[in-house]
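Have a look at the structure below before the remarks.
The values are calculated or read from the model by the stated rules, or taken from the named source; none is laboratory data. For clarity, every value in this text was computed on a predicted model and none was experimentally measured. Cβ placement follows ideal geometry from the backbone for every residue including glycine, while neighbour counts extend to all protein chains displayed.
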Amino acid sequence: MEKTILVIEDQDDLRLLIRLTLKQLGRVSAHADARAVIELVRTEQPALLVLDVWLGAGLNGLEVCRELKAGAAGHIPKVLMLSACGQQSDVEAGLAAGADRYVVKPFSPESLVQAASSLLAD
C-alpha cells in the first residue's frame, strides 16, 4: 500500500520542491494552511508529516508537533521538522517537541529523501 506524506509549508516554492522531491516515496499531499494540520492528519492518516517550524499567521510547528504527538488528531504520524533555525538549541527544541527528525534549511533534495525514507522505513 502506498504511504501518504503530508507536507505543511507556507512558502509556495519550497512546498512545490518538497512535494516533487518526495513523490518517489508515496502519495504527497502538500498544504500551506497550517491551521488545518490537525484535521488533515486526522483525515489523511499520513505515515509522515513534513512540518515547517515557522508557519506564518502566528503558528509554530513546535506547538503543532506537541499537539499531534499528544494524540490530538487520533493518529500519530512520524514528524520530519524543517527549519532555517539550525543551532543545536533549535534542533533540541524540535526533537523535544516530538519531531522524529530535524532537517535544517537549506537542504539538498537527496538529504530530504534520505531523512524521509528512514522515517517511513521505521
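Listed conditions (1) assigned to a helix (DSSP H, G or I); (2) at pLDDT 95 or above are all met by LEU49, apart from (1). For the list (1) of a type in the set (A, V, I, L, M, F, W, C); (2) modelled with pLDDT of 95 or more; (3) closer than 19 Å to ALA30 by Cα; (4) over 11 Å from the mean Cα position of the chain (by Cα), I need the number of the one condition that LEU95 fails. LEU95 satisfies all of (1) of a type in the set (A, V, I, L, M, F, W, C); (2) modelled with pLDDT of 95 or more; (3) closer than 19 Å to ALA30 by Cα; (4) over 11 Å from the mean Cα position of the chain (by Cα) except (3). Those residues that are under 20 Å from GLN11 (Cα atoms) and in contact with a Pro (Cβ under 9 Å, 6 or more places away or on another chain), I need them from region 58-114; list them, please. Selection gives ALA84 alone. Take the conditions (1) surrounded by fewer than 19 Cβ atoms within 10 Å (Cβ to Cβ); (2) closer than 24 Å to GLU39 by Cα; PRO109 misses just one of them, which is (2). Taking the numbered list (1) without any contact (Cβ under 8 Å) to a residue 60 or more places away in the chain; (2) under 25 Å from LYS23 (Cα atoms); (3) touching a strand residue (DSSP E or B) at 6+ places or on another chain (Cβ under 7 Å); (4) not basic (Lys, Arg) in turn, PRO77 passes all entries but (1). Exactly one residue out of LYS69, LYS78 is under 18 Å from GLN114 (Cα atoms), basic (Lys, Arg) and either more than 12 Å from the chain's Cα centre (by Cα) or at pLDDT 95 or above (or both), and it is LYS78.
Scanning region 43-61 for residues that are more than 19 Å from SER118 (Cα to Cα), surrounded by fewer than 20 Cβ atoms within 10 Å (Cβ to Cβ) and touching a residue at least 12 places away in the same chain (Cβ under 8 Å) gives GLU44, TRP54, GLY56, ALA57, LEU59. Take the residues of region 1-42 that are part of a helix (DSSP H, G or I) and touching a Gly at 6+ places or on another chain (Cβ under 8 Å): which is surrounded by the fewest Cβ atoms within 10 Å (Cβ to Cβ)? Looking at residues that are part of a helix (DSSP H, G or I) and touching a Gly at 6+ places or on another chain (Cβ under 8 Å), I get ARG42.
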